[in-house]
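Take a look at the structure below.
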Amino acid sequence: MDSSASVETHHDPHSHAGEHEHHELGWWRKYIFSTDHKVIGIQYGLCGLAFLFLGFCLMMLMRWQLAYPGQALPVIGKFLPHIFGAGSMPDGKMTPDFYNSLGAMHGTIMIFLGVVPLAFAAFGNFVVPLQIGAPDMTFPKVNAASFWAFAVGGVIMLISFFVPGGAAKSGWTSYTPLAAFADTGPGHNAVFNGQTLWLIGFIFLITSSLLGAVNFITTIIQLRAKGLTWMRLPFFVWAQFVTAFLLLLAFPPLEAAIVMQLMDRVAHTSFFLPSGLVVNGAPVSISGGGSPLLWQHLFWFLGHPEVYVLILPAFGIVAEVLANNSRKPLWGYKSVVFSVLVIGFLSFIVWAHHMWLTGMGSAVSAFFQTTTLLISIPSVIILSAFFISLWGGSIRFNVPMLFTIAFLPMFGIGGLTGIPLAFNSADLYLHDTYYVIAHFHYIVAPGTIFGLFAGVYYWFPKATGRKMSEFWGKVHFWPTLICMNMIFLPMFLQGMAGMHRRWYDGGQGWGVANEHTVWGLTGFQWNQPISWAAWIMGLAQIPFIINFFWSIKHGEKVNDNPWEATTLEWTAPSPPPHGNFVHTPVAYRGPYEYSLPGRERDFTMQNEPVEPTERSRRKPPAEPVLA
């Protein structure tokens, strides 16, 4: 359906007001079991932020064990066994199994319960319908079902901490055959054990993402305002559109694989279990014939598009904040749009670069090395466009812009350090070392999460009608930026020294972690400053948490367009009512019309008609003259 037809699907906001004038929804129906995209977006946002903080806390516990292996955790160490079970931290000292649980659940919670719900579902739900001039998502009840499937999956993941044996211990990738036999045997319930609950919870999380993806694609295609053609869409909408396709196409193979691994655990099938397995010195009685490598293929077929599911929404946020605070149009808009489409395609044919050590042939590895290098090209185009957009701009250094500007070099470091990992020869040495952790976290921590913080500060006034404190925002930003680099930069050094990412004792008992010194510290000794930086960064999040909740009621009141932005969401009241817009919006121009010549203001909103004087300025090209 074209955009001119799509406007007919809009409802008159006034008719909504009339419909519900005498039938106001109750509190539970309005704020808990809501079908309004804005409420669902806020629900996703609050849950995502809470899970991000929980995942961060798990990491801070791990950092104690890495910095001070075998030592009792002071103050809170004696209380943790009462929460996580006696086998987790006896006498405040972390056991290897509990360390493995923290590692597996840190990765799972941060990615699938934190970043994806916040980046895709929260910002997408709240912002996309407003930016395209829609009254809601296409399928409001499917939207609600998506959130509640996510909530059920999250609760199941949390429950897994408290069953006998504790949470899943087989890493966030759940590799078989380890994952098929973990948490089995005496003392473990067949279903209520950490690894099985991890699989069941994941099924709900994937279902949630699939429901959301279908809804986003349909909404962006069908409900765009009149005049909002494809090349007038804000880049944030393009990023969410491609992200939805990634989820829709990449998650079903993993959901099928998870069901198969679940059957391997509870129904004794052998989808991923080969013949001849020996566990605890005894042959395993299974039919065999399965392939552990098949799990890796199915997992990473989702796992690599998942990286772009994490980063593309952050790209979209950065584009919005960057154009707004540089007071310039986004440089190379069409190039950036086509680059994100190319990323979406290529992300499906690079997954095996996670599997260089599985013994693939030279032809196959050459193909995946080539595609991995190719996908860096559109990423560089996007990052270059963002840098060029700053050139000659009248830059405002507010809090959203600080996080946005910091995102650019941080993501650049993450991307450039991934290039050695694209080559199987270099990866033989770097695979599963701290170098990989540093590379990936530069992409998603000072990369994606900085983009998400920028989005929270930027769209907070639209959701609440109030701004968060600029002062406390800067108190949040600077320690976070400094500590992020103090945490992850030394990990490149540890990885190149050969330190393995899964050592429970932080490398204390391994020669390779103690032989070489870099800047006066061995690989193992670097764990202490890294851990202290992580704990300080945890404290730096307290101003954000206080600022966030304080500002909901007590922040500075602002008008509907406090940032003087151009896109359609800023034409709606703050906070937007049911139906979003007082008048159905019509788009007359592109999304980033900043600093147009001859204008009184330095921003021209998308719903402002093109004036005759603007047309006269755009002179047609001169006719060629034949000599």
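Taking the criterion of being more than 20 Å from VAL444 (Cα to Cα) and in a helix (DSSP H, G or I), the residues of segment 318-332 that qualify are ALA323, ASN324, ASN325, SER326. Applying the condition of being of a type in the set (Gly, Ala, Ser) and at pLDDT 95 or above to segment 280-325 and asking which residue is farthest from the chain's Cα centre (by Cα) yields ALA323. Here TRP532 fulfils each of the conditions (1) farther than 27 Å from LYS467 by Cβ; (2) touching a helix residue (DSSP H, G or I) at 6+ places or on another chain (Cβ under 7 Å); (3) at pLDDT 95 or above apart from (2). Selection within segment 152-169: residues that are in a loop (DSSP other than H, G, I, E, B) and surrounded by fewer than 23 Cβ atoms within 10 Å (Cβ to Cβ). The member of this set that is modelled with the highest pLDDT is VAL163. Among the residues of segment 204-236, the ones that are open to solvent by less than 40 Å² (accessible area, probe 1.4 Å) and in a helix (DSSP H, G or I) come to 15 in all.
Read through the list (1) open to solvent by 50 Å² or more (accessible area, probe 1.4 Å); (2) over 30 Å from LEU421 (Cα atoms); (3) in contact with a helix residue (DSSP H, G or I) (Cβ under 8 Å, 6 or more places away or on another chain), then give the number of the only condition that VAL321 fails. For VAL321, the failing item is (1).
When segment 65-80 is limited to residues that are part of a helix (DSSP H, G or I) and closer than 15 Å to PRO90 by Cβ, the one that is nearest to the chain's Cα centre (by Cα) turns out to be GLN65.
The single condition among (1) in contact with a Phe, Trp or Tyr (Cβ under 9 Å, 6 or more places away or on another chain); (2) outside any loop (DSSP other than H, G, I, E, B) that SER335 does not meet is (1).
Contact map, segment 466-485: residues that are under 13 Å from PHE453 (Cα atoms) and open to solvent by less than 50 Å² (accessible area, probe 1.4 Å) paired with residues that are modelled with pLDDT under 95 and assigned to a helix (DSSP H, G or I), Cβ distance under 8 Å, separation 6+ or inter-chain. Pairs shown: LEU481/PRO446. Only one of the numbered conditions (1) open to solvent by 20 Å² or more (accessible area, probe 1.4 Å); (2) small (Gly, Ala, Ser); (3) farther than 30 Å from PHE126 by Cβ is violated by GLY418, and that is (1). Residues of segment 373-401 that are touching a Leu at 6+ places or on another chain (Cβ under 8 Å) and touching a residue at least 24 places away in the same chain (Cβ under 8 Å): LEU374, ILE375, PRO378, LEU383, ALA385, PHE386, SER389, LEU390, MET401. Does any residue of segment 284-306 turn out to be among the aliphatic types (A, V, I, L, M) and part of a loop (DSSP other than H, G, I, E, B)? Within segment 284-306 (the criterion being among the aliphatic types (A, V, I, L, M) and part of a loop (DSSP other than H, G, I, E, B)), the answer is yes, since at least one residue qualifies. Within segment 161-190, residues that are over 17 Å from TYR99 (Cα atoms) reach partners that are among the β-branched types (Val, Ile, Thr) with beta carbons closer than 8 Å, at six or more positions or on different chains, in the pairs PHE181/VAL279; PHE181/VAL284; ASN189/VAL163; ALA190/THR196; ALA190/VAL266. Each residue in segment 476-504 was checked for being part of a helix (DSSP H, G or I) and farther than 27 Å from TRP570 by Cβ, and 19 pass. For segment 327-356, a residue qualifies if it is open to solvent by less than 50 Å² (accessible area, probe 1.4 Å) and within 30 Å of ASN398 (Cβ to Cβ), and the qualifying residues are ARG327, LYS328, LEU330, GLY332, TYR333, VAL336, VAL337, SER339, VAL340, ILE343. Against the conditions (1) out of contact with any helix residue (DSSP H, G or I) (no Cβ under 7 Å at 6 or more places or on another chain); (2) open to solvent by 10 Å² or more (accessible area, probe 1.4 Å); (3) farther than 23 Å from ALA406 by Cβ, ILE545 satisfies every one except (3). How about segment 146-158: which of its residues are touching a helix residue (DSSP H, G or I) at 6+ places or on another chain (Cβ under 6 Å) and aliphatic (A, V, I, L, M)? Across segment 146-158, the qualifying residues are ALA149, VAL152, ILE156, MET157.
Considering only residues in segment 505-524 that are assigned to a loop (DSSP other than H, G, I, E, B) and buried (at least 20 other Cβ atoms within 10 Å of the Cβ), the one that is modelled with the highest pLDDT turns out to be PHE524. Scan segment 187-222 for residues that are at pLDDT 95 or above and over 24 Å from the mean Cα position of the chain (by Cα) and jot them down. If the condition is that a residue be at pLDDT 95 or above and over 24 Å from the mean Cα position of the chain (by Cα), then THR196, GLN222 are the ones that fit. Being of a type outside the set (A, V, I, L, M, F, W, C), touching a residue at least 24 places away in the same chain (Cβ under 8 Å) and open to solvent by less than 30 Å² (accessible area, probe 1.4 Å) is a condition met by at least one residue of segment 53-60. Tell me which residues, restricted to segment 237-261, are open to solvent by 20 Å² or more (accessible area, probe 1.4 Å) and over 25 Å from SER339 (Cβ atoms). Of everything in segment 237-261, those that are open to solvent by 20 Å² or more (accessible area, probe 1.4 Å) and over 25 Å from SER339 (Cβ atoms) turn out to be PRO252, PRO253, GLU255, ALA256, VAL259, MET260. Counting the residues of segment 95-106 that are open to solvent by 10 Å² or more (accessible area, probe 1.4 Å), of a type outside the set (Phe, Trp, Tyr) and either in contact (Cβ under 8 Å) with a residue 60 or more places away in the chain or closer than 24 Å to TYR44 by Cα (or both) gives 5. Given the structure, is ALA86 hydrophobic (A, V, I, L, M, F, W, C), modelled with pLDDT under 95 and either open to solvent by 10 Å² or more (accessible area, probe 1.4 Å) or not in a helix (DSSP H, G or I) (or both)? Yes; evaluated as a whole, the condition is true for this residue.
The values are calculated or read from the model by the stated rules, or taken from the named source; none is laboratory data. What you see is a predicted model; the values in this text were computed from it and never measured. Every residue, glycine among them, receives a Cβ derived from its backbone with ideal geometry; neighbour counts consider all protein chains shown. Accessible surface is based on the protein model in full, side chains and every heavy atom, while ligands, DNA and RNA are left aside. Shrake-Rupley method; radii C 1.70, N 1.55, O 1.52, S 1.80 Å.
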